[in-house]
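Below: one structure, written as structure tokens.
The values are calculated or read from the model by the stated rules, or taken from the named source; none is laboratory data. Just so you know, these numbers come straight off a predicted model, no measurement behind them. Cβ placement follows ideal geometry from the backbone for every residue including glycine, while neighbour counts extend to all protein chains displayed.
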Amino acid sequence: MKKMISAAVVTVACCLFAQTASAALIAYEGFDYPNDTPAINGLDGGSGWNGGWVDGDGDFAGLSQDDVSLDSAAFPFASAGDRLIGQGGGEGVRNFGPLVDVATDGALYMSLLLNKTSDGGGSADNFEVRVGPSSFADMIRFGSGSSENWILILNGTNGGVGNLTVGDTYFAVLRLTTTSGEDELSAMVYGPGDVVPALEPAVWDMSVTKTLNTGVIDQIRLEVGANSHGDYDEFRIGSDWASVAVDVPEPTCVALTLMGSVAGMASLRRRR
């Protein structure tokens, strides 16, 4: 009987651990929508967001409507649904639910898939994701400039290094570390042949430091230049590396309960 009680305790503990692990994910968007319109204005799928996508002027190209997601051998999750196409200028905006306070010490993580599908020349060819407060969404900028160079901008200071390859899908992970002094924005970029580690890297591909001038972050903004073309997919915002870069299957409480019960019954039979 004691062993059965112990098995039950382990089961409850595992279930609570699984719930705690999933709670680290703040928001997710995989663009899994019906193929009835490419327009993104008002679409409110995913989880953890405060309202739907906003594109009131309809200038963002919109959903692919072909049930084809961006994917990469480096991507640690299973993608589903469509992807978001950006071309010829425009922007799409969405607020995430809990306000992230960057005035205190802490960290915010974000991951996404992105593919710059063509080279639009030397001007107005930027392809970006921007994050910040609703009043200043350009506080964090990540993506590609007009020369296919990576940009990683924190409050106007660029720490981007290297160039992307047009047509390749990249899995990118960003980390914003806030302190009482200077804050740091870092990025890891994984191409098709790379392997994403289960543990957070000690050294990141790119980083930039700057003191932030705002206390909260609550908005993501996708923006492409007039000559730019590219796809976005699989956005995750979380409080740690594992929540946005590691696919850990959560054991179901039912399965654990059954396993614990079987183990307990077997133990009782042996004692008899």
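Yes/no matrix, rows are residues, columns are (1) at pLDDT 90 or above; (2) closer than 22 Å to Arg130 by Cα; (3) surrounded by fewer than 14 Cβ atoms within 10 Å (Cβ to Cβ); (4) of a type in the set (Ser, Thr, Tyr):
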site	(1), (2), (3), (4)
Ser207	yes, yes, no, yes
Ile217	no, yes, no, no
Ser239	yes, yes, no, yes
Val244	yes, yes, no, no
Asp247	yes, no, yes, no
Val262	no, no, yes, no
Arg271	no, no, yes, no
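Would you say Arg141 is part of a strand (DSSP E or B), assigned by TED's automatic domain parsing to the domain that holds Tyr109 and either among the hydrophobic types (A, V, I, L, M, F, W, C) or within 25 Å of Gly89 (Cβ to Cβ) (or both)? Yes, satisfied. The strands (runs of 3 or more DSSP E) found wholly in the range 48-120 and carrying at least 3 residues that are touching a residue at least 60 places away in the same chain (Cβ under 8 Å), in the same structural domain as Ser147 (by TED's automatic domain parsing) and within 17 Å of Ile26 (Cβ to Cβ) occupy 91-101, 106-118.
The rows are residues; the columns are (1) surrounded by 18 or more Cβ atoms within 10 Å (Cβ to Cβ); (2) closer than 21 Å to Ala187 by Cβ; (3) touching a Leu at 6+ places or on another chain (Cβ under 9 Å).
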{"site": "Pro38", "(1), (2), (3)": "no, no, yes"}
{"site": "Gly46", "(1), (2), (3)": "yes, no, no"}
{"site": "Ser69", "(1), (2), (3)": "yes, no, yes"}
{"site": "Phe75", "(1), (2), (3)": "yes, yes, yes"}
{"site": "Ala78", "(1), (2), (3)": "no, no, no"}
{"site": "Ala124", "(1), (2), (3)": "no, no, no"}
{"site": "Phe127", "(1), (2), (3)": "yes, yes, yes"}
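Of these, Leu108, Leu114, which one is buried (at least 21 other Cβ atoms within 10 Å of the Cβ), modelled with pLDDT of 95 or more, out of contact with any His (no Cβ under 9 Å at 6 or more places or on another chain) and not aromatic (Phe, Trp, Tyr)? Of Leu108, Leu114, the one residue that is buried (at least 21 other Cβ atoms within 10 Å of the Cβ), modelled with pLDDT of 95 or more, out of contact with any His (no Cβ under 9 Å at 6 or more places or on another chain) and not aromatic (Phe, Trp, Tyr) is Leu114. Taken residue by residue, the range 185-192 has at least one member that is more than 17 Å from Gly160 (Cβ to Cβ) and either assigned by TED's automatic domain parsing to the domain that holds Leu99 or surrounded by fewer than 19 Cβ atoms within 10 Å (Cβ to Cβ) (or both). Taken together, the criteria exclude Arg175 from residues that are under 16 Å from the mean Cα position of the chain (by Cα), basic (Lys, Arg) and either surrounded by fewer than 21 Cβ atoms within 10 Å (Cβ to Cβ) or in a loop (DSSP other than H, G, I, E, B) (or both).
Considering every residue within the range 199-209, establish whether at least one is under 25 Å from Asp32 (Cβ atoms), in the same structural domain as Phe75 (by TED's automatic domain parsing) and touching a strand residue (DSSP E or B) at 6+ places or on another chain (Cβ under 8 Å). Working first, answer last.
Residues of the range 199-209 that are under 25 Å from Asp32 (Cβ atoms), as a first pass: none.
No: zero hits.
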